[in-house]
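Below you'll find the structure, written out as structure tokens, and then a few comments.
Just so you know, all these numbers are worked out from the coordinates, no wet-lab data involved. As the structure is a computational prediction, the values presented were derived from the model and not from experiment. Virtual Cβ from ideal backbone geometry, glycine too; neighbours counted across all protein chains shown.
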Amino acid sequence: MGKPILEVNDLSVSFRMYDRGLTQYDLNIISRLNVTVHEGEIMVVVGASGSGKSVLAHAVLGILPPNAAVGGEMRYNGAPLTDAVRREKVGSEIIMIPQSVTYLDPVMKVGRQVCGVHGTKAQQQAAFRRYGLRESVAEMYPFQLSGGMTRRVLISTAIISDARLILADEPTPGLSQDIAEETMRNFRELADEGRGILMITHDIDIALQVADRIAVFYDGRTVDVCDREAFLAGGDALRHPYTRALWAALPQNGFRAVAPEDFMKEEGAP
């Protein structure tokens, strides 16, 4: 395993909210969250909706809303990930494949957006062929694309970049099985070139095809980090009861449901 590209230590994120009568309160989304992505590694982040997965990606990029308060430490290539570093690196060395398909510039043709600053027309055309997009799609605007087409365009943008760190937030919804599997193979190739990939997903099965490690989030914190082999083995190979509950809920493991109070009791929570 290569050296760390991204280190997130004791991250906390809360949002200042307003209740009735303009009473303010803090909504805690992430507490004591830790995750590290190394060179050549695909780190897959899994967990229930609302566990803080997408908030983590937005915190790394520095695109949380103004009412967010962020604590803890984030490092990129061993140095603090400051706003100045983000202005220099995001969009070139740090790329995000967002969950929302509304991230494309609505007034720019998609071919030009995929090329970005450093990409070439030939690279864009090759990426579109790989993902089953006609050459004419390059001349379209985002509003002319279907949701699945938009996601393939976003993935193409990351694939042809020179990014060292790729944040992929739910990259496969709306894709056919063949295209989703092709995307996973492309991620594996990029990681094997020495890049680091942080993939946030609900599709555990397809992510396990290429993952190196799996970070399990629950209630805004990291409860487990395990190797792919341990997750595939399941049962006693998994340390945390919530990780075992996720494994048991997979189709091939019988869709066995575990109530939250049961695995929290096993963990020793009051």
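If you take the alpha carbon atoms of segment 1-109 and fit the smallest convex hull around them, that volume is 151 Å³ per residue. If R0 is 45 Å, what FRET efficiency do you get for N34 and S136 from their C-beta distance, rounded to 0.05? E between N34 and S136, to the nearest 0.05, is 0.50.
For Rg/Rh (Cα atoms, Kirkwood Rh), the value computed from the atomic coordinates appears in the list (1) 0.98; (2) 0.95; (3) 1.14 under label (1). Taking other C-beta atoms within 10 angstrom as a stand-in for reagent exposure, M1, M74, M140, M96 fall in the order M1, M140, M74, M96, fewest first.
Largest GNM mean-square fluctuation across G116, G196, G220, computed for the chain with C-alpha springs under 10 Å, falls on G116.
Kindly state, as a whole number, the per residue volume in cubic angstrom of the convex hull around the alpha carbon atoms of segment 100-250.
In segment 100-250, the Cα convex hull volume per residue is 121 Å³.
For a Förster distance of 41 Å, can you work out the FRET efficiency between the beta-carbons of D19 and E73, rounded to the nearest 0.05?
Values: r = 31 Å, r/R0 = 0.76.
With a Förster radius of 41 Å, E is 0.85.
Estimated purely from DSSP H runs of n ≥ 4, each contributing -39500 (n - 2.57), the mean residue ellipticity at 222 nm for the chain is -9000 deg cm²/dmol once divided by its residues. A simple rule links phi to the HN-Hα coupling: the Karplus curve 6.51 cos²θ - 1.76 cosθ + 1.60 with θ = phi - 60°, which for segment 208-216 gives 5, 5, 10, 5, 9, 9, 10, 9, 10 Hz, with x for Gly and Pro. Please go through segment 170-217 and write out the GluC sites (Glu not before Pro) that DSSP classes as loop and that have at most 14 other C-beta atoms within 10 Å. The qualifying sites are E193. What FRET efficiency comes out for Q144 versus Y103 if R0 is 22 angstrom and r is the Cβ-Cβ distance? Round to the nearest 0.05. After rounding to 0.05, the efficiency reads 0.85.
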